[in-house]
Amino acid sequence: MTKKAILLILITTWGITSLSAQTKLSWKILEGIGYQEKYVSKLEENFKFPLFTSFIKSLEGKTVEIQGYLIPFDPSGKEIALSANPYAACFFCGKAGPASVMILHMKTPNTKIKTDTYKTIRGILKLNYNDPEEFFYIIENATFID
């Protein structure tokens, strides 16, 4: 086999591996978690904490993709909420659960987002096990891919 053929095989294999390096998430998977209620003395209230599935735990720290509705709330554009549902039916309105929304920590701030814009996001998944003042799901270095 020639050096060019070997190089072509290596480049092709690397390209296929790179394409499959991110996992496409669905809201159905993210919402399929359990909850454990705990009292938080600092806030003097009971909160539901997530019990992530082993599959979701295996994705922590990995690059993932997910689609959803954008809900801007940070004037600097550094953080944007992503919801499984449009704003009128989202978690903030009491019509969905806390696992149906996540926070995006944007790689590049974006202040031109309109509420309910539907986008595909790519970034690194971080799970929140015990902070009641943070979303269960966090996407670090989030970028729009469509």
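Bear in mind these aren't lab numbers, they're just calculated from the coordinates by the rules spelled out. Small disclaimer: the values here were computed from a predicted structure and weren't measured. Here the Cβ is made from the backbone with ideal geometry for all residues, glycine too, and neighbour counts use every protein chain on show.
What is the antiparallel percent of DSSP beta bridges lying wholly in region 22-144, to the nearest 5?
On the way: 29 of 35 bridges.
The antiparallel fraction comes to roughly 85 percent.
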For region 20-106, listing GluC sites (Glu not before Pro) in a DSSP loop whose Cβ sees at most 15 other Cβ atoms within 10 Å gives Glu44, Glu60
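First select every other residue whose beta carbon is under 14 angstrom from the beta carbon of Thr111; then total the charges, Lys and Arg +1, Asp and Glu -1.
Numbers: positive: Lys78, Lys112, Lys114; negative: Asp74, Glu79.
Here the count lands on +1.
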Give a residue-ordered list of calculated ³J(HN,Hα) values for region 70-86 (Karplus: 6.51 cos²θ - 1.76 cosθ + 1.60, θ = phi - 60°; whole Hz; x for Gly, Pro). 7, 10, x, 9, 9, x, 7, x, 7, 10, 9, 7, 10, 10, 5, 10, x
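Charges at C-beta only: +1 for Lys and Arg, -1 for Asp and Glu. How large is the resulting dipole of region 22-144 about its Cα centre, in Debye rounded to 20? Walk me through the numbers on the way to the answer.
Values: 15 positive and 13 negative charges, 98 e Å.
That gives a dipole near 480 debye.
Per residue and in cubic angstrom, what volume does the convex hull of the Cα atoms of region 66-129 have? Don't jump to the answer; show the numbers that get you there.
Values: hull volume 5.5 nm³, N = 64.
Convex hull of Cα atoms, per residue: 86 Å³.
Gain in length, Glu79 to Lys112, computed as 0.36 nm per residue apart minus the alpha-carbon separation, to one decimal in nm?
Details: separation 33, 0.36 × 33 = 11.88 nm, distance 1.24 nm.
The span from Glu79 to Lys112 would gain 10.6 nm if fully extended.
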Note the full-extension length gain between His105 and Ala88 as 0.36 nm times their separation in residues minus their Cα-Cα distance, in nm to one decimal. 3.8 nm
Estimated distance in nm for a label pair at Lys48 and Glu133, the labels positioned 7 Å out from Cα along Cα-to-Cβ: 2.2
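Which order results if Asp74, Asp116 are arranged by neighbouring Cβ count within 10 Å, fewest first?
Details: Asp74 17, Asp116 14.
Least to most surrounded, the residues fall as Asp116, Asp74.
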What do you get for trypsin sites (Lys or Arg not before Pro) in region 41-134 restricted to DSSP loop and a cutoff of at most 16 other Cβ within 10 Å of the site's Cβ? Lys42, Lys62, Lys78, Lys95, Lys107, Lys112, Lys114
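With viscosity set to 1.306 mPa s at 10 °C, what whole-number translational diffusion coefficient in µm²/s follows for region 22-144 from Stokes-Einstein and a Kirkwood radius over Cα pairs?
Values: Rh = 14.7 Å.
Stokes-Einstein gives a translational diffusion coefficient of 108 µm²/s.
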